[in-house]
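Below is one structure, written out as structure tokens; comments come after it.
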Amino acid sequence: KIDFSIIIMTISLGLSYIFYLISVTLSAALLLIVFHSNNPNHIVCTFTIPLFQFLAYFCFFSIRRFRNGFPFFRKNTVKIFCILFGGLVIICATFIGGQQKDNHLFIGSLIAGISICAIAIVIWIRMGITSHYKQKMKEHAVELLEEKIQEKDKELEEIKHENMVLSSVNHKFNQRFSALEMSVKALAFQATEAANCAEIAPEFANVIEQIKTMSQEYKNEIQEKLPKKKALPTTKIQSIDSLFTYFQLESSKSNIDFNLKITGSIPYMIEKLIPQNKLETLIGDHIRDAIIAINFSENTYRSILVLLGEMNDCNELCVFDSGIEFQIDTLLSLGLKAITTHKDTGGSGIGFMTTFETMKECKASLIIEEKQPNKFDFTKSVSIRFDGKNQFVIKSYRAKEIRERNTDDRIIIEDAN
């Protein structure tokens, strides 16, 4: 690598200067003390300087840490130190060896040393800023995770509270319902024995009234002691509202947050775009698929968002979920055959076959959009858009891989935004 090669060259140059300086100093001391001469061109220097330089290298590389080279140079902090060290050595060597300050070599060496030191400082500052931002991102991620954990702990406490309330209420009404059950059995026996059922009709009426009263008491006590679930927006169609309420309850059983957004007129959709029974089938199939996908996921964010109505100048049904993604083979087979990867949890693969039949009849398009996996966001969305085009579109971060395995020109494959 170029950066590593530059560092090795710089440190080699620096070490060469240092060992040469040590050798010259020792040779000068030997020349003064033993030969009483201060002539730098003395023949002794010709032999002693290389000898001392060799000994200096030999002693240095005899140290265990440096015996097998410098693997620690690969660390970024060491790289910066080495560059800075090399620059400082060049500057020091320039001042020590440059007697004539107008010399071009002196100025060039000085500029080179300062430039190397400046590069080291710039790299160090950039690394410090990058490290700071990474630390901030880690702290932010930890904060988000802690918030999610707190939310889950709160939800768990709510579920525990609901279980305790239900257990308490059930215990309170259990004996009364058992006694009522005995009364009903006794009346049923009397009815089979009685010659005229009219004789025991008042008693039957009394029991029915007791059942209604106790049922209402039970319902009132549950509603009074348990927190109310968030109200869903209405479509102004009773059966569809009931369907969404049912799936809200099913989602809560799996600890999934269920959200619904209604825009525009749903009665208009049923009158002009799609029959009510087919819309109900689409809603049921795709919300059920979303619940199954989330239950198979390890995502800490468990949520479903359903959009129904007018969006982007078109009416559509869109289901977002945070569950596992589609297998590519499953995606490419949708509409061609009944395929499912969750047969053991109730998946039949018929849902998408029905969807494609409805699309053909209503000239609607199916748009499946996949996002990069994220533990704190939706992973995909399935939209049935009533745009009159009858297209099958896949928008995915895996678009390239899907294209390579696709052999069917019926599918429009696009890169996800």
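The values are calculated or read from the model by the stated rules, or taken from the named source; none is laboratory data. These numbers come from a predicted model, not from an experiment. Every residue, glycine as well, gets a Cβ built from its backbone with ideal geometry; the counts of neighbours run over all protein chains shown. Note: accessible area is taken over every heavy atom of the protein model, side chains too, but ligands, DNA and RNA are not part of it. Shrake-Rupley method; radii C 1.70, N 1.55, O 1.52, S 1.80 Å.
What the table below lists for this structure:
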read-out	value
Selection count, the stretch 297-330, where residues are of a type outside the set (Lys, Arg), farther than 20 Å from LYS363 by Cα and in contact with a Ser or Thr (Cβ under 8 Å, 6 or more places away or on another chain)	13
Residue in the stretch 289-309 that is of a type in the set (Val, Ile, Thr), in a strand (DSSP E or B), open to solvent by less than 60 Å² (accessible area, probe 1.4 Å) and in contact with a Phe, Trp or Tyr (Cβ under 8 Å, 6 or more places away or on another chain) present	yes
Candidate set: the stretch 376-406, residues that are in a strand (DSSP E or B) and under 25 Å from the mean Cα position of the chain (by Cα); chosen: the one nearest to LEU144 (Cα to Cα)	LYS380
Filter result for ILE11 (under 29 Å from ILE116 (Cα atoms), modelled with pLDDT under 75, in contact with a helix residue (DSSP H, G or I) (Cβ under 6 Å, 6 or more places away or on another chain) and open to solvent by less than 80 Å² (accessible area, probe 1.4 Å))	yes
Per-region count, the stretch 228-244, residues surrounded by fewer than 15 Cβ atoms within 10 Å (Cβ to Cβ) and under 29 Å from LEU156 (Cα atoms)	7
Check on ILE22, surrounded by fewer than 17 Cβ atoms within 10 Å (Cβ to Cβ), at pLDDT 75 or above, closer than 24 Å to THR94 by Cβ and out of contact with any strand residue (DSSP E or B) (no Cβ under 7 Å at 6 or more places or on another chain)	yes
Positions within the stretch 31-43 being at pLDDT 75 or above, surrounded by fewer than 16 Cβ atoms within 10 Å (Cβ to Cβ) and in a helix (DSSP H, G or I), in sequence order	LEU32, ILE33
All positions within the stretch 251-283 that are in a helix (DSSP H, G or I) and surrounded by 15 or more Cβ atoms within 10 Å (Cβ to Cβ)	SER251, SER252, ILE266, MET269, ILE270, GLN276, LYS278, LEU279, GLU280, THR281, LEU282, ILE283
Where a residue in the stretch 192-217 is part of a helix (DSSP H, G or I) and its partner, wherever it lies, is at pLDDT 70 or above and open to solvent by 90 Å² or more (accessible area, probe 1.4 Å), with Cβ under 8 Å and at least six apart	MET214/ARG176
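Condition check ((1) in a strand (DSSP E or B); (2) at pLDDT 90 or above; (3) closer than 20 Å to CYS314 by Cα) across all residues:
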{"site": "ILE367", "(1), (2), (3)": "yes, yes, yes"}
{"site": "ASN374", "(1), (2), (3)": "no, no, no"}
{"site": "ASP409", "(1), (2), (3)": "no, no, no"}
{"site": "ILE413", "(1), (2), (3)": "yes, yes, no"}
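A quick yes/no check of all residues on (1) part of a helix (DSSP H, G or I); (2) loosely packed, with under 14 Cβ neighbours inside 10 Å; (3) at pLDDT 80 or above:
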{"position": "ALA29", "(1), (2), (3)": "yes, yes, yes"}
{"position": "CYS45", "(1), (2), (3)": "yes, no, no"}
{"position": "ILE49", "(1), (2), (3)": "yes, no, yes"}
{"position": "GLN53", "(1), (2), (3)": "yes, no, yes"}
{"position": "GLY69", "(1), (2), (3)": "no, yes, no"}
{"position": "PHE72", "(1), (2), (3)": "yes, yes, no"}
{"position": "PHE95", "(1), (2), (3)": "yes, yes, no"}
{"position": "CYS117", "(1), (2), (3)": "yes, no, no"}
